[in-house]
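Below is one structure; the comments refer to it alone.
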Amino acid sequence: MDDKLIIGGHEFNSRFILGSGKYSLNLIEAAVRDAGAEIITLAVRRANTKEKENILDFIPEGVTLLPNTSGARNAEEAVRIARLARELGCGNFVKVEIMRDAKYLLPDNAETIRATEILAGEGFVVMPYMYPDLNAARDLVNAGAATIMPLAAPIGSNKGLATKEFIQILIDEIDLPIIVDAGIGKPSQACEAMEMGAAAIMANTALATAGNLPLMAAAFRQAVEAGRKAYLSGLGRVLARGSSASDPLTGFLRD
Amino acid sequence: MDNQYFVDSGNLSAEALERKHRLENDPSCRKNHMEYLPGMEEIKSDIREKVISQMNEYSPEKYTAKDVRTALEHDTCSIEDFKALLSPAAAPFLEQMAERARLETGKHFGNTVYVFTPLYIANYCENYCVYCGFNCYNHIKRMKLSMEQIEHEMKIIADSGMEEILILTGESRSQSDVKYIGEACKLARKYFRMVGLEIYPVNTDEYRYLHECGADYVTVFQETYDAEKYETLHLLGHKRVWPYRFDAQERALLGGMRGVAFSALLGLSDFRKDALASALHVYYLQRKYPYAEMSLSCPRLRPILNNDSINPHDVGEKQLCQIICAYRIFLPYVGITVSSRESAEFRNGIVKIAATKVSAGVSTGIGDHESKYSGKESGDAEGDEQFEICDSRSLDRMYKDISEEGLQPVLNDYLYV
Amino acid sequence: MVKVNGELLPVDGKTLSEYLETTSFDIRRIVIERNEEIVSKSAYNDVILQDGDIVEVVSFVGGG
């Protein structure tokens, strides 16, 4: 079956986006391979003269790089980081994340919309990380976003689909791919989001904190694929929608 | 084509009659219905393509009882589910659909039913739409109310307790120009809380002007979304331009109107496809203009003066009920209006399931509210009606009937801002 | 003095290329920003560092 994830005109077979933070560079290749990932996120930081190894040397060929703007506290900083990332010569994808809150690391939707508009205007494929709010999501669509990436729970919390009802609204109302990002702690949660109709899942901490990272990567791959298939097949019945009327409602109709 | 619609008037001259027959029988002498006329604004919109491609793909016979059951089991009704609910396979599930529809209506509207009345201010028309009593070849008494007459009618209607009015005209730009309609809106704002318009489609700047005059809601019926069928029914006049009519609601919203209403006239073409297209027209516009209020009507064909053989064809009450339930399940938040074309029994039943708005104290004639409301004869000062209504209940009667069904009639809840 | 990645260095008067030769940065893997403007790699030979310049040398690291 031809079921591609399309982001900004680019086609992907995998619906799992892998984070690369908080684990050893030596594990990246196995994580990418076992997760079947075709997109990997990166951060931009000050270069360190003492480090001889560069993450780009550990990422297999053909994987799309998705630099994030982590560290940005407003739209201007996010734009600055995105431009630096593009100058590094690895394509024009960018995951906009702007946090003004250092405790919960919750995204600032208003600043994210501003940054999205600027970066989309500069030709970036913009994938904004956001708090799942329908009005903000619509503004992001109008600003030129390529996908919407609502959080499931606070980043790194592994708490699962805490914002489930609101993510469902985005899936129902927004024509762009909805990629659930942040808070997904277990493969079963990723599967549930995919069953709901999410276009893809992004996870990092759930893998980084697993006892066996490549094995967990494989588990996520299978969970995402299972959820996708369940969604495409059309989920079965939901029982108990309320009691039936005692008198027929349609008795008044004439032939 | 079948000619149940064509009626010749003895009052037409030989030349006029010849021209009428030529229009009816020779498609090559009709204007291209897809081509805009001078002065018609063309907005760039992707809505039409989306709606029509879905409609063209739709084969109602393809759906099975299993598809219908699946659709009813889903929490959110997808476009595919909606297609199943509109299909012939859904007929045996009408009661289940009604139960689900009632649940959705309750979630979004509670037990309220809105009541309004239409006011026809002119019945001149420049179009030859073969099924319509106002068509320019139909020999009827034509009339256009003066501002004094309009105000007189409005006073009578307002005295009956009505707070929402829908102003209608025949589709004649020359007899009922935008300025004339604007003046009527200004008068209406003095007597009513909410003023709607059902007039010929106009350009964005004209909708803006009418909004400034006090109108807030625009209703345009597409009649049929099947453009080829449309061409064979709307033979003459600006109404023949199908795409300009299609984009009317979007122009109205761009002009600042708060809400828009849609409909196909069920029975003109394949009613399942027309119902699908009507609902998708709402669905796609709602996604593009999420702040706008939207509602659907569901009129069936009715007999007209000088031609009582016009009928709703294959759209019986059960089919109509199926369509309305499907609308409600697919678009739970949308208003659904059921007009006085339907019987009192049907309207009493359908407001308990899915309809949220009904008209009362209705006349589709011109300047006859006084005679209809009070029995006072007005002599010759009335224009003929657009179609025969079926439910002639007054506002008082309607209010009482709705209340007795355990529902709450609402005359208006809109705060004008 | 020039502030490079937050550290004051006596490299004013040097071109960027001359400065980079004294470091172990892998030029393929970095981007340089001088006073918040990105410097393209082709300009490294021409840009002369001035007293008070603020230079950031950045590269990719792991991140989610």
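The values are calculated or read from the model by the stated rules, or taken from the named source; none is laboratory data. Just so you know, these numbers come straight off a predicted model, no measurement behind them. Positions of Cβ are backbone-derived with ideal geometry, glycine not excepted, and every protein chain shown enters the neighbour counts. These accessible areas exclude ligands, DNA and RNA; they are computed on the full protein's heavy atoms, side chains included. Shrake-Rupley method; radii C 1.70, N 1.55, O 1.52, S 1.80 Å.
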* Answer with yes or no whether residue B:165 is touching a Phe, Trp or Tyr at 6+ places or on another chain (Cβ under 8 Å) and open to solvent by 10 Å² or more (accessible area, probe 1.4 Å). => no
* Could you tell me which residue of region B:1-25 is most open to solvent (accessible area, probe 1.4 Å), considering only residues that are under 29 Å from the mean Cα position of the chain (by Cα) and more than 20 Å from residue B:303 (Cβ to Cβ)? => B:25
* Failed condition for residue B:337, given (1) outside any loop (DSSP other than H, G, I, E, B); (2) farther than 17 Å from residue B:117 by Cα, with all others met? -> (2)
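Here is a yes/no grid of residues against (1) open to solvent by 20 Å² or more (accessible area, probe 1.4 Å); (2) touching a Lys or Arg at 6+ places or on another chain (Cβ under 6 Å); (3) touching a residue at least 60 places away in the same chain (Cβ under 8 Å); (4) more than 12 Å from chain A (Cβ to nearest Cβ):
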{"position": "B:57", "(1), (2), (3), (4)": "yes, no, no, yes"}
{"position": "B:64", "(1), (2), (3), (4)": "yes, no, no, yes"}
{"position": "B:68", "(1), (2), (3), (4)": "no, no, no, yes"}
{"position": "B:73", "(1), (2), (3), (4)": "yes, yes, no, no"}
{"position": "B:80", "(1), (2), (3), (4)": "yes, no, no, no"}
{"position": "B:83", "(1), (2), (3), (4)": "no, no, yes, yes"}
{"position": "B:92", "(1), (2), (3), (4)": "yes, no, no, no"}
{"position": "B:99", "(1), (2), (3), (4)": "yes, no, no, no"}
{"position": "B:102", "(1), (2), (3), (4)": "yes, no, yes, no"}
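Confirm whether residue A:81 is of a type in the set (A, V, I, L, M, F, W, C), out of contact with any Asp or Glu (no Cβ under 7 Å at 6 or more places or on another chain), within 27 Å of residue A:13 (Cα to Cα) and crowded, with 20+ Cβ neighbours inside 10 Å. Explain how you work it out, then say what you get.
Details: of a type in the set (A, V, I, L, M, F, W, C): yes; out of contact with any Asp or Glu (no Cβ under 7 Å at 6 or more places or on another chain): yes; within 27 Å of residue A:13 (Cα to Cα): no; crowded, with 20+ Cβ neighbours inside 10 Å: yes.
No, not satisfied.
A quick yes/no check of all residues on (1) touching a residue at least 60 places away in the same chain (Cβ under 8 Å); (2) buried (at least 17 other Cβ atoms within 10 Å of the Cβ); (3) not β-branched (Val, Ile, Thr):
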position: A:77; (1), (2), (3): no, no, yes
position: A:98; (1), (2), (3): no, yes, no
position: A:114; (1), (2), (3): no, yes, yes
position: A:118; (1), (2), (3): no, yes, no
position: A:142; (1), (2), (3): no, no, yes
position: A:146; (1), (2), (3): yes, yes, yes
position: A:163; (1), (2), (3): no, yes, no
position: A:167; (1), (2), (3): no, yes, no
position: A:188; (1), (2), (3): no, no, yes
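Inspect region B:169-180 for any residue being of a type in the set (A, V, I, L, M) and surrounded by fewer than 22 Cβ atoms within 10 Å (Cβ to Cβ) and give the result as yes or no.
Among the residues of region B:169-180, at least one is of a type in the set (A, V, I, L, M) and surrounded by fewer than 22 Cβ atoms within 10 Å (Cβ to Cβ), which makes the answer yes.
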* Structure fact -> Here the qualifying pairs (Cβ atoms under 8 Å; residues six or more apart or on different chains; first in region A:46-66 and more than 8 Å from chain C (Cβ to nearest Cβ) and at positive phi; second open to solvent by less than 80 Å² (accessible area, probe 1.4 Å) and at pLDDT 85 or above) come out as A:62/A:38
* Among the residues of region B:284-317, which ones are open to solvent by 60 Å² or more (accessible area, probe 1.4 Å) and either in a strand (DSSP E or B) or at pLDDT 95 or above (or both)? -> B:293
* Asked: Residues in region A:2-16: is at least one more than 12 Å from every other protein chain (Cβ to nearest Cβ), open to solvent by 30 Å² or more (accessible area, probe 1.4 Å) and in contact with a helix residue (DSSP H, G or I) (Cβ under 9 Å, 6 or more places away or on another chain)?
  -> yes
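Please work out if residue A:103 is within 9 Å of chain C (Cβ to nearest Cβ) and farther than 18 Å from residue C:38 by Cβ.
Working: within 9 Å of chain C (Cβ to nearest Cβ): no; farther than 18 Å from residue C:38 by Cβ: yes.
No, not satisfied.
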* Asked: Does residue B:32 count as closer than 28 Å to residue B:83 by Cβ, of a type in the set (S, T, N, Q) and within 27 Å of the chain's Cα centre (by Cα)?
  -> no
* **So residue C:54, is it within 14 Å of chain A (Cβ to nearest Cβ), touching a residue at least 12 places away in the same chain (Cβ under 8 Å), open to solvent by 60 Å² or more (accessible area, probe 1.4 Å) and closer than 22 Å to residue A:68 by Cα** => no
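Filter region B:235-266 for residues that are in contact with a His (Cβ under 7 Å, 6 or more places away or on another chain) and more than 19 Å from residue B:327 (Cβ to Cβ) and give the result. Quick ask: steps written out before the conclusion?
Start the filter on region B:235-266 by keeping residues that are in contact with a His (Cβ under 7 Å, 6 or more places away or on another chain), which leaves B:240-242, B:255-257, B:262.
B:240, B:241, B:242, B:255, B:256, B:257, listed by residue number.
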* Structure fact -> Expected single match for touching a helix residue (DSSP H, G or I) at 6+ places or on another chain (Cβ under 6 Å) and open to solvent by less than 40 Å² (accessible area, probe 1.4 Å) among B:361, B:365, B:349 is B:361
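Is it the case, given these coordinates, that residue B:341 is basic (Lys, Arg) and within 15 Å of the chain's Cα centre (by Cα)? Walk me through how you get there before you give the answer.
Details: basic (Lys, Arg): yes; within 15 Å of the chain's Cα centre (by Cα): yes.
Yes: the conditions hold for residue B:341.
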* **Count of region C:22-34 residues which are exposed (fewer than 12 other Cβ atoms within 10 Å of the Cβ) and more than 9 Å from every other protein chain (Cβ to nearest Cβ)** => 1
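Hey, among B:252, B:275, B:261, which residue is at pLDDT 95 or above, buried (at least 22 other Cβ atoms within 10 Å of the Cβ) and farther than 23 Å from residue B:36 by Cα? It would help to see each step written out before you state the result.
Values: B:252 fails: farther than 23 Å from residue B:36 by Cα; B:261 fails: farther than 23 Å from residue B:36 by Cα.
Going through B:252, B:275, B:261 in turn, the sole match is B:275.
Please go through region B:156-185 and pick out each residue that is part of a helix (DSSP H, G or I) and at pLDDT 95 or above.
Step one: of region B:156-185, the residues part of a helix (DSSP H, G or I) are B:156-159, B:178-185.
Passing the criteria: B:178, B:179, B:180, B:181, B:182, B:183, B:184, B:185.
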* Asked: Within region A:221-240, is there a residue that is within 14 Å of chain C (Cβ to nearest Cβ), at pLDDT 95 or above and more than 30 Å from residue B:72 (Cβ to Cβ)?
  -> no
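Could we say that residue B:40 is touching a residue at least 60 places away in the same chain (Cβ under 8 Å), assigned to a loop (DSSP other than H, G, I, E, B) and surrounded by 13 or more Cβ atoms within 10 Å (Cβ to Cβ) here? Working first, answer last.
Numbers: touching a residue at least 60 places away in the same chain (Cβ under 8 Å): yes; assigned to a loop (DSSP other than H, G, I, E, B): yes; surrounded by 13 or more Cβ atoms within 10 Å (Cβ to Cβ): yes.
Taking the combined requirement at face value, the residue satisfies it.
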* Hey, residue B:382 more than 14 Å from chain A (Cβ to nearest Cβ), closer than 19 Å to residue B:119 by Cα and in contact with a helix residue (DSSP H, G or I) (Cβ under 8 Å, 6 or more places away or on another chain) or not -> yes
